[in-house]
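The numbers here are math on the coordinates, done by the rules we state, and not lab data. Just so you know, these numbers come straight off a predicted model, no measurement behind them. Backbone-built Cβ (ideal geometry, glycine too); neighbour counts: all protein chains shown.
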Amino acid sequence: MAQAFPRSKVLRYLDSRLSGISKVYTSNRPTATEPAENFIVIDLPGTMLDTGAYFDSALRIDLFQKDRQGGLEATDKLETLMQSVMGLFPIVNKDLRFRAISPRLVAGGSDDKGFHYLMIYATIIID
């Protein structure tokens, strides 16, 4: 019998874990942000592979940091935000039976809306 993937529960749990670091949005960044220094966007992009024994997919965490005056990247603040998130790994929830492991940093850039961003991809496994 096929097992349902608890996507919304996983996203809610990740939101609760990351909200102590910054404001968290799920799936997409807001079109307009309230005056914020930084924020995080979490998503479970792509497909969830059902191996028969467990689900395997990707977790994407986008980290946004407000630019310095003149549109310059606040590299020190973005680095601090990234270190705070990376310090949470592995992220494990025994009730939902999932773990997010093997985080990988991917270069971001400017969003042309006054923020620079980095992306963290991780493997997510649900038993």
How fast does the chain diffuse by Stokes-Einstein, in µm²/s, taking the Kirkwood radius from C-alpha pairs at 25 °C and 0.890 mPa s? 161 µm²/s
Please list, or write none, the lysines whose alpha carbon is within less than 22 Å of the alpha carbon of Lys94, excluding same-chain residues fewer than 8 places away. Lys9
At what distance in nm do the modelled label points of Ser110 and Asp95 sit from each other, each positioned 7 Å from its Cα along Cα→Cβ? 4.4 nm
Inter-site label distance for Thr51 and Arg68 at 7 Å from Cα along Cβ, in nm: 4.5 nm
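Over segment 7-126, what is the relative contact order in percent, taking alpha-carbon pairs closer than 8 angstrom and at least six residues apart? Intermediate values should be presented prior to the final figure.
Values: 214 pairs, mean separation 28.4, N = 120.
Once normalised by length, the contact order is 24 percent.
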Could you state the angle between the C-alpha long axis of helix 75-86 and the longest principal axis of the C-alpha atoms of the chain, as a value from 0 to 90 degrees rounded to the nearest 10? 20 degrees
To the nearest 10 degrees, the tilt of helix 7-18 (Cα long axis) against the first principal axis of the alpha carbons of the chain is 40 degrees
